[in-house]
Amino acid sequence: MTTSNSSFDVNRIRLDFPILKRQINGQPLIYFDNAATSQKPQQVIDAMVDYYQNYNANIHRGVHALSQEATDAYEKARQTLQVHFNVPKSNEVIFTSGTTHAINIVASGYTNFLKASDEILVSAMEHHSNIVPWQMLCERSGAKLLVIPMKTDGTLDMMAYSNLLSSQTKLVFVNHVSNTLGTINPIREIVDSAHQFGASVLVDGAQACSHLKVDVQALDVDFYVASAHKMCGPTGVGMLYGKTALLEKLPPYQGGGEMISEVTFERTTYAELPHKFEAGTPNICGGIAFGAAVDYLNKIGLDQIAKYENDLLEYATSALSEIDGLTIYGNAKRKTAVISFNVANIHPYDVGVILDKMGIAVRTGQHCTQPIMDYFGIPGTVRASFAFYNTYEEIDSFVVAVKKAVLMLT
Ligand code: C6P
């Protein structure tokens, strides 16, 4: 099978990813767990090695040359993110340890701004990271958490969403792309409706940024969060984008070095954005490598990536659908290359173990989205999630392996 996206040279791209040469259980690795974390190209690995080998130093602190070099590289990475996400000002890009940390900064910050009569809306297809911090916020503030329901095809019930919105709605939380179903949510529509009621919207972009070009101004989101490790970058670093007026209103999440303007025992004043939210020594190497990862994705082109991955998705969906008793969860018209499925009553874990024996990495279980599993009345799914370095041949091998697993388990 050859790709219809003829200018996209997947074999060339695969050479950038050293891990793809590995064998697992005596078989060539087929890595279909990209929604959990992406693999890293040599360019990103090199950026990390370069930092530690050649200019490792703390940032924003030293007058010495190494510290200047490290500070420049870290701030250059911030600018790379600013340009990539079309963020108006670079100080609206806050480095975090990941999506979860970014959400918690906002959730914690709203504690004193909510009262018992306020409502916050969260979608039924959120990752636990975009549920639990808001439940904790509701416990602290007394505000009520309401759920935007989902339909059986894995799309949000937009009519129900409109009906839930009211002058009591203060915040809306929704993912850009569901990690379990692959659904691409209609963010601009969600944002426009929320803004009519004066509510702010935080979008969890963890699963979107490696597949789609994201423009925070075009989406008009109030907050947007992401993790580098899902975008070919390292773990332990991510991003919080927020509109200046909102970020300035929020109190700091943590106290410590670098987030202050002046400290006396009587009173401390806080630094300007973005430093107010970046207490302590950050993940300097991670931030620099996040910039390198974004450069790498842009070199290939997110439009090209989206098109190729969509071709892979269609190919795999049609091949898997031919397996007797196989159910795919999440059939939205607009989705990224994620397929969650079960075959008859076979436990997803058992399928995952057999696939692993054949060198194929998938995720099994609830994918940190228990409410989605409860909605479908299932214990979990097998989730295959593709990236732009996967191939049609890998999908062919995967489909054969699933068929073998089903034969062994029935
Ligand atoms: N989903 C998955 O296998 P962190 O762990 O902070 O980088 O990302 C959390 C997170 C938040 N939102 C969404 C939509 C996500 O998919 C994730 C991470 C992984 O689906 C690991 S649980």
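The values are calculated or read from the model by the stated rules, or taken from the named source; none is laboratory data. Model, not experiment: these values are computed from the prediction. Here the Cβ positions follow ideal geometry from the backbone for every residue, glycine too, while neighbour counts run over all protein chains shown.
Would you be able to say whether some residue in the range 191-213 is away from the ligand (no atom under 16 Å from the Cβ), of a type in the set (A, V, I, L, M) and touching a helix residue (DSSP H, G or I) at 6+ places or on another chain (Cβ under 7 Å)?
Yes, because at least one residue in the range 191-213 is away from the ligand (no atom under 16 Å from the Cβ), of a type in the set (A, V, I, L, M) and touching a helix residue (DSSP H, G or I) at 6+ places or on another chain (Cβ under 7 Å).
Taking the range 31-61 on its own, how many of its residues are of a type in the set (A, V, I, L, M) and farther than 23 Å from residue 12 by Cβ?
Looking only at that region, the number is 4.
Report, by residue number, each residue of the range 25-76 that is among the acidic types (Asp, Glu) and under 20 Å from residue 95 (Cβ atoms).
Within the range 25-76, 50, 69, 72, 75 meet the criteria.
Which of the residues belonging to the range 384-408 are closer than 27 Å to residue 297 by Cα and either modelled with pLDDT under 95 or touching a helix residue (DSSP H, G or I) at 6+ places or on another chain (Cβ under 8 Å) (or both)?
Selection gives 384, 386, 387, 388, 389, 390, 391, 392, 395, 396, 398.
Is it true that residue 116 is within 30 Å of residue 168 (Cα to Cα) and either of a type in the set (A, V, I, L, M, F, W, C) or modelled with pLDDT under 95 (or both)?
Yes: the conditions hold for residue 116.
Of all the residues that make up the range 126-143, how many are away from the ligand (no atom under 16 Å from the Cβ) and part of a helix (DSSP H, G or I)?
5
Do we find a residue being within 16 Å of the ligand (Cβ to nearest atom) and surrounded by 16 or more Cβ atoms within 10 Å (Cβ to Cβ) anywhere in the range 156-165?
Within the range 156-165, one or more residues are within 16 Å of the ligand (Cβ to nearest atom) and surrounded by 16 or more Cβ atoms within 10 Å (Cβ to Cβ).
Looking only at the range 281-306, count how many residues are surrounded by 20 or more Cβ atoms within 10 Å (Cβ to Cβ) and free of Cβ contacts under 8 Å to residues at least 40 places away in the same chain.
Number satisfying all stated conditions: 0.
Go through (1) in the same structural domain as residue 96 (by TED's automatic domain parsing); (2) of a type in the set (Val, Ile, Thr); (3) touching a residue at least 40 places away in the same chain (Cβ under 8 Å) and name the single condition residue 269 misses.
(3)
For residue 84, which of the numbered conditions (1) modelled with pLDDT of 95 or more; (2) out of contact with any Leu (no Cβ under 9 Å at 6 or more places or on another chain); (3) away from the ligand (no atom under 16 Å from the Cβ) fails to hold?
That leaves (2) as the condition not met.
Give 382, 402 a once-over and let me know the one that is over 26 Å from the mean Cα position of the chain (by Cα), in contact (Cβ under 8 Å) with a residue 12 or more places away in the chain and surrounded by 22 or more Cβ atoms within 10 Å (Cβ to Cβ).
That would be 402, the only listed residue that is over 26 Å from the mean Cα position of the chain (by Cα), in contact (Cβ under 8 Å) with a residue 12 or more places away in the chain and surrounded by 22 or more Cβ atoms within 10 Å (Cβ to Cβ).
Taking the options 36, 57, name whichever one is in contact with a strand residue (DSSP E or B) (Cβ under 9 Å, 6 or more places away or on another chain) and assigned to a loop (DSSP other than H, G, I, E, B).
Going through 36, 57 in turn, the sole match is 36.
Test residue 67 against the criterion of being surrounded by 14 or more Cβ atoms within 10 Å (Cβ to Cβ) and free of Cβ contacts under 8 Å to residues at least 40 places away in the same chain, and give yes or no.
yes
Got a sec? Which of 112, 25 is of a type outside the set (Gly, Ala, Ser) and at positive phi?
25 is the lone residue from the list that is of a type outside the set (Gly, Ala, Ser) and at positive phi.
Restricting to the range 95-109, what's the tally of residues that are surrounded by 23 or more Cβ atoms within 10 Å (Cβ to Cβ) and either away from the ligand (no atom under 14 Å from the Cβ) or of a type in the set (Lys, Arg) (or both)?
Matching residues across the range 95-109 total 0.
Condition first: more than 11 Å from the ligand (Cβ to nearest atom) and closer than 18 Å to residue 320 by Cα. Now tell me which residues in the range 361-382 satisfy that.
Hits for the range 361-382 are 361, 380, 381, 382.
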